[in-house]
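J.: This is the structure I want to talk about, given as structure tokens.
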Amino acid sequence: MVALLFILPFILTFVVLGVWAERKVAGFIQDRYGPMEVGYYGIGQTIADLLKMLQKEDIVPSKADRSLFLIAPIVIFVAILAGYAVLPLSPSLIGSSVKVGIFYLLTIISLDVVGLLMAGWGSNNKYAILGAVRAVAQIISYEIPLTLSVLSVVMICQTLDLQEISYQQGILITNFPGVSTPQNYLFGIKALDINVTNVGGFLTWNIFRCPLLFVSFIIFFIASLAESNRAPFDLPEADSELIAGYHTEYSGFRWGLFMLGEYAMMLLVSFLAAILFLGSWNTPLPNIGSVRLADWTTGAPDTIAGNVIGFGWLVSKAFVLVFIQMVVRWTYPRLRVDQLMNLCWKFLTPIALGIVVLTAIWRLLMI
Amino acid sequence: MSQTTYISQIADVTKSLFVGIKLTLKHFFQATKQRKPLSIEHPEYFKQDTGLFTTLYPHEALPIPDHGRNRLHNEIDDCIVCDLCAKICPVDCIDIVPIKSAEEIGKTSDGSSKRLYAAKFDIDMAKCCYCGLCTTVCPTECLTMTNAFDYSEFDVRNMIYNFSDLSPAQALEKQEIYNEAQKLKAEAKAKKAATEVKAEPSAQPPIPSKPVFKPSIKAPVVQNNVTETGESKPQENDTRNEEAPKKIVFKPTIKSLLKPVDTELPNVDDVSEKIDSPKPKPVFKPVIKIPPAKKPDADLDSSTLN
């Protein structure tokens, strides 16, 4: 409950600042200013936009399937928000510490597709249905490499619980009851006999515990862009072809929910990537001899300091990823449908499968 | 697809993706710099190729040359109300109503004498096509194009700039004064004519006037006027007689770019006809009651913005 009360306003704040940041990033990349009028460097621009949007009429086309049309945006946002339930936000703050955390998360996010299809179908508009069909095809295809790359992490960590995965990637590894192998070796190879359990920092992140996971991380990142319908995988929205894709017919608050959903999804996959690969809420600074950087930058679990510092690290990692998502959006051109499927089925999926096999072998080296 | 091409494909794509993102990130981090507000004439103007390129326009603007083809400005003190600009305007956006003055009003800064008041000198910038012809024909160079380019309005009627320095009341007053003077002159003329008639009973009043007309080449219009008004009001005829010499005075000031002895005179005639007609009011009724805001002074302020 605490997590929900915390994360909901956090998402809303993130969306407000995220939309502004996205416009600023776009502006700077294109040698423009971006919004400058509302507040300092235009920081209040999204609030002004939001106020305008909330005053707009909530139009339902007369030929639309009314009930589908009306609940579609809610389904999408609820599905994404539900995904936050199992995210560990700090050593002791998590919505629901279920044992099947990541499995639940991937499943509940897939409901997103239902919402998109409802929106596209319910709008009774050719652009909307085309956008929805594309969205479904794309999201279902990219779920495979996404899940495979998550699977490789799960195989390394031997758990589906995101909080346990988090604890394993830092100096607090022994604080979590029931960790199967409470020791971390450099690159996960026990034979090297360099115990980094108490060194912590980036050396115990999953991409260092098993360097193969770096490839997984790249695949996860690419697939997560496609999952959240972000450029260069924004075919479902493809402004230049489909007006706005599945949300062509929406206006006002419901359109805002789509926007909220998109940015919440961005943040969710960034959180997830940080948790799975980049050490979650653990500090990136290692202990070097008597300079106990990791100890100094990690608070004890169940203390306020521990929660604040942990959340700070997690959020900063996630924001770096969000920034990369934005830069990617304003750098690369949109893929064609065939290129999209080509990339997914001929490159990402086979590579992810290969990584799964290799991480299985790597896991054997870790114990 | 062989193994090598599959791998090299991935390598190629990775490489080009990195090149792309390096480029955009370079621009992102250069965004701390900003180009300086230099005029295009400045030698550095084309050398500023890093940093933010746009300017926050209403807050800052690049300087532009002093004389572009932008908003028109008329220095009414130097204007002799010759109507040339209105005639050459291809879109008829200049609207002038002159009022004659009995004697010379003053001199312009280049020494031409002013004999007409401008009861109305309106330029509709919404119609203007910015060809600049009016500024070329202007004999006293009082009509110029300034460097003010940002003057959009919510109401299109505000795009009409009135440069006249006379209020409608003042214009009416000038008109009265002129009419008065004309009447006096006409009376004097009539007296003189009467004495002539006494001397030569057979002669009719209009006849002596005709030779005066001849030199000016505006035959057709005059003919009309004569047939319309000639018999009923010899007085009117006389006023026209008064006009003729004045026109001759007027002519030399018009620098000879122009044909218009014939095009010009009839128009002045037309106007004078309107004015002479018993109800002068309709001429001043001008529909467009422009809010006083847009006087040329205000324009200058906004043009100093950069």
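The values are calculated or read from the model by the stated rules, or taken from the named source; none is laboratory data. Computed from a prediction, not measured in an experiment: that's the story for all the values here. We place every Cβ from the backbone using ideal geometry, glycine too, and count neighbours over all the protein chains shown. Each accessible area value is taken on the protein alone, full model and side chains, heavy atoms only, with ligands, DNA and RNA left out. Shrake-Rupley method; radii C 1.70, N 1.55, O 1.52, S 1.80 Å.
J.: Could you pull out every residue, at least 5 positions away or on a different chain, whose amide H is within less than 5 Å of the one on B:TYR161? Hs are placed 1.01 Å off N in the peptide plane, and Pro or chain starts have none.
T.: B:ILE123, B:ASP124, B:MET125
J.: Still on this structure, please answer the following. Evaluate peptide A:344-354: per residue, the Cβ atoms of other protein chains within 10 Å of its Cβ; return the mean as an integer.
T.: Working: counts 0, 0, 3, 4, 0, 0, 1, 1, 0, 0, 0.
Neighbouring Cβ atoms belonging to other protein chains average 1 per residue here.
J.: May I ask you to evaluate 6.51 cos²θ - 1.76 cosθ + 1.60, the Karplus curve with θ = phi - 60°, for each residue of the range A:301-313 and list the ³J(HN,Hα) values in order in whole Hz, giving x for glycine and proline?
T.: Here the 3J(HN,Hα) series is x, 6, 10, 4, 4, x, 5, 5, 5, x, 5, x, 5 Hz.
J.: Okay, next question. Between helix A:2-29 and chain A, what is the angle of the helix's C-alpha long axis to the longest principal axis, kept within 0 to 90° and rounded to the nearest 10?
T.: The angle comes out near 70 degrees.
J.: Here's something else I'd like to know. Helix A:126-157 against the longest principal axis of chain A: what's the angle in degrees, Cα atoms only, rounded to the nearest 10?
T.: The helix A:126-157 is inclined about 0 degrees to chain A.
J.: Name the residues of the range B:12-56 whose accessible area falls by at least 40 Å² when all protein chains are present instead of the chain alone, probe 1.4 Å?
T.: The answer is B:LEU17, B:ILE21, B:THR24, B:HIS27, B:PHE28, B:LEU52, B:THR54, B:LEU56.
J.: Next up: As a quick test, which of the pairs B:LYS87/B:LYS185; A:LYS52/B:LYS36; A:LYS52/A:LYS317; B:LYS100/B:LYS185; A:LYS24/B:LYS22 have an alpha carbon distance above 24 angstrom in this structure? Numbers along the way, then the final one.
T.: Numbers: B:LYS87/B:LYS185 31 Å; A:LYS52/B:LYS36 35 Å; A:LYS52/A:LYS317 32 Å; B:LYS100/B:LYS185 14 Å; A:LYS24/B:LYS22 18 Å.
From B:LYS87/B:LYS185; A:LYS52/B:LYS36; A:LYS52/A:LYS317; B:LYS100/B:LYS185; A:LYS24/B:LYS22, over 24 Å: B:LYS87/B:LYS185; A:LYS52/B:LYS36; A:LYS52/A:LYS317.
J.: So what is the relative contact order for chain A, in percent, with contacts set as C-alpha pairs under 8 Å and at least six apart? Before the final figure, lay out the partial values.
T.: Values: 627 pairs, mean separation 83.2, N = 367.
Relative contact order here is 23 percent.
J.: Kindly report, to the nearest 10 Å², the accessible surface of B:HIS27 as traced by a 1.4 Å probe over protein heavy atoms only.
T.: 50
J.: Top to bottom by accessible area (1.4 Å), largest first, where do A:LYS126, B:LYS120, A:LYS56 land?
T.: Details: A:LYS126 140, B:LYS120 35, A:LYS56 105 Å².
Largest accessible area first, the list is A:LYS126, A:LYS56, B:LYS120.
J.: Could you give the angle, 0 to 90 degrees to the nearest 10, between helix A:252-277's Cα long axis and the longest principal axis of the Cα atoms of chain A?
T.: 20
J.: Using only the Cα atoms of the range A:8-161, build the gyration tensor, take square roots of its eigenvalues as a ≥ b ≥ c, and label the shape rounded, prolate or oblate: rounded if a/c is under 1.5, else prolate if a/b is larger than b/c, else oblate.
T.: Details: a/c = 1.83, a/b = 1.19, b/c = 1.54.
It comes out oblate by the Cα gyration axes.
J.: Show A:THR107, B:THR54, B:THR140, B:THR32 ordered by accessible area, largest first, where the area counts protein heavy atoms only and the probe is 1.4 Å. Don't jump to the answer; show the numbers that get you there.
T.: On the way: A:THR107 75, B:THR54 55, B:THR140 15, B:THR32 125 Å².
These residues rank, largest area first, as B:THR32, A:THR107, B:THR54, B:THR140.
J.: Per-residue accessible area for A:TRP313 at 1.4 Å probe radius, Å² rounded to 10?
T.: Its accessible surface works out to 60 Å², give or take rounding.
J.: Oh, and also: Using protein chains only (no ligands, no nucleic acids) and a 1.4 Å probe, work out which residues of the range A:5-29 have their accessible area cut by at least 20 Å² relative to the chain alone.
T.: Residues passing the criterion (a loss of at least 20 Å², heavy atoms only) are A:PHE28, A:ILE29.
J.: So if I take the alpha carbon set of chain A, get Rg, then get Rh from the Kirkwood formula, what is the Rg over Rh ratio?
T.: Details: Rg = 21.2 Å, Rh = 21.4 Å.
Reported Rg/Rh, Kirkwood definition of Rh: 0.99.
J.: Also: Scan around B:LYS120 for amide H atoms under 5 Å from its own, H built in the peptide plane at 1.01 Å from N, and keep only partners 5 or more places away or cross-chain.
T.: B:VAL97
J.: Roughly how much accessible area, to the nearest 100 Å², goes out of reach of solvent when B and A pair up, both sides summed, probe 1.4 Å? Walk me through the intermediate numbers first.
T.: Values: alone 19640 and 15880 Å², together 33800 Å².
Between B and A, the summed buried area is about 1700 Å².
J.: With every protein chain in place, what's the accessible area of B:CYS93 (1.4 Å probe, Å², nearest 10)?
T.: Near enough 10 Å² of accessible area.
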